[in-house]
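The structure under discussion appears below in the form of structure tokens.
We did not get these values from a lab; they are worked out from the coordinates using the rules stated. Source: prediction; values computed, not measured.
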Amino acid sequence: MCVGARANSTPSPTTLQSCTRVKVTCKRSSSLDPVQYPQGRGEMPALLFSDLTVRALESIHILIEGRSVRHRESRNPSRSERMQRRHRLGPLPALLLIALAPATAAANDLGEKLAKEGNDNGAAACVTCHGADGGGNGAAGWPRMAGMNADYLAKQLDDMASGERDNATMKPIASGLSAEERRAVAEYYAEMEVPAEAPGTDAAKSVLERGQAIAQQGLWRKGVPSCVACHGPGGDGVGADFPAISGQHASYIENQLTAWQDGNRQNDPNDLMASVAKRLTEEEIKAVAAWFASQPARPSAE
Ligand code: HEC
Ligand code: HEC
């Protein structure tokens with residue numbers, strides 16, 4: 001696990017290269033795209049293995065390992081897993097699944113009802129702000145949720161209820177939902193089609209180019225890995241841990257990065273996002289947010 005490279009502040013290029021290989025192998029074996037390291041340089045910069053980078057790569061590995069363990073143990077498998085199992089198991093379990101269908105429909109009905117009407121316990125109807133199509137509203141800073149990962153959305157609702165993610169608008173709404181209701185409404189939004197159009201931006205071309213470079217290559221001199229290293233190719237999201245940020249409103253992305261800088265959002269595993277956000281200037285945040293908002297949302301990798 002590159003222990004030598006971490007302990008040694010000026011590792012030799014050979015150590016770095018073999019480490020890079022180990023890391024990339026880890027990521028490949030977890031079916032993520034390998035991290036895009038700057039290529040074609042005689043010597044890799046020592047900053048490549050800055051504390052944040054090492055911590056980030058280790059955390060990704062831990063998160064992915066954790067997720068595969070969770071998936072193996074999961075009693076509530078994802079849709080694609082259910083499909084795979086259905087194919088693997090043949091006709092008898094398929095009949096059982098049909099028998100179980102009303103239970104799933106009931107959960108979705110609950111999610112739909114909460115989204116459209118809210119409840120009597122302080123949860124306002126979600127559609128008022130997040131839109132009937134789940135696309136959110138950029139001018140108001142309301143995020144798109146349609147097509148995002150259900151476990152991720154449910155975690156955010158839990159964190160907003162507990163205050164680990166501190167938001168004055170969402171706190172009473174999330175606290176007004178029971179754990180069962182949070183899960184149902186998260187699944188309802190996760191199953192919605194992603195919006196066809198990108199939210200868009202009026203940022204200048206030069207700003208978008210700067211944003212794209214940060215998103216795809218990072219800012220290595222400052223120890224900022226590329227956003228897509230964690231958020232998946234195109235920023236479309238990977239599983240429950242790395243949310244989609246493509247097709248998200250620029251205002252919302254900016255608000256989140258600022259919230260991490262100010263300490264108002266502290267719910268990221270291993271401080272991954274706080275470490276990234278604290279290294280970005282206001283201008284860099286605006287540029288990278290504008291670029292992701294110019295990209296259409298696409299269904300995320302499982
Ligand atoms: C009055 C407007 C409003 C209503 C109503 C509302 N939300 Fe929100 N929601 C927000 C805002 C604003 C944010 C962004 C908070 C922030 O900036 O951290 C948000 C964020 C979220 C997030 C985080 C998304 C992410 O990508 O991390 C979830 C999940 C969420 N809302 C779910 C719901 C659900 C479920 C309902 C209905 C039960 C609901 N919201 C109703 C305004 C609203
Ligand atoms: C080392 C991995 C890592 C890198 C690199 C990274 N992120 Fe994240 N990001 C995360 C994780 C993990 C979360 C989810 C935090 C949580 O569970 O609440 C996240 C969440 C976010 C969110 C909140 C999304 C939402 O719907 O609430 C935004 C916005 C975001 N990241 C933007 C960025 C941008 C922009 C970059 C590049 C400058 C970036 N991230 C780089 C790991 C990373």
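Could you check how many percent of all C-alpha pairs in the stretch 205-293 are farther apart than 24 Å?
7 percent
In sequence order, the stretch 224-235 has phi-based couplings of 9, x, 5, 4, 6, 4, 9, 7, x, x, x, x Hz under the Karplus curve 6.51 cos²θ - 1.76 cosθ + 1.60, θ = phi - 60°, and Gly or Pro positions carry x. In order along the stretch 158-172, the Karplus-derived 3J(HN,Hα) couplings, from 6.51 cos²θ - 1.76 cosθ + 1.60 at θ = phi - 60°, round to 4, 5, 6, 5, 7, x, 4, 10, 9, 9, 5, 6, 7, 4, x Hz, and Gly and Pro are given as x.
For residue 219, the residues 5 or more places off, or on other chains, whose built amide H falls under 5 Å of its own are 224.
Based on the convex hull around the alpha carbon atoms, the stretch 263-302 presents an average projected area of 4.0 nm².
Distant-in-sequence amide contacts of residue 142, defined by a placed amide H-H separation under 5 Å and a gap of 5 or more residues or a different chain, comprise 137.
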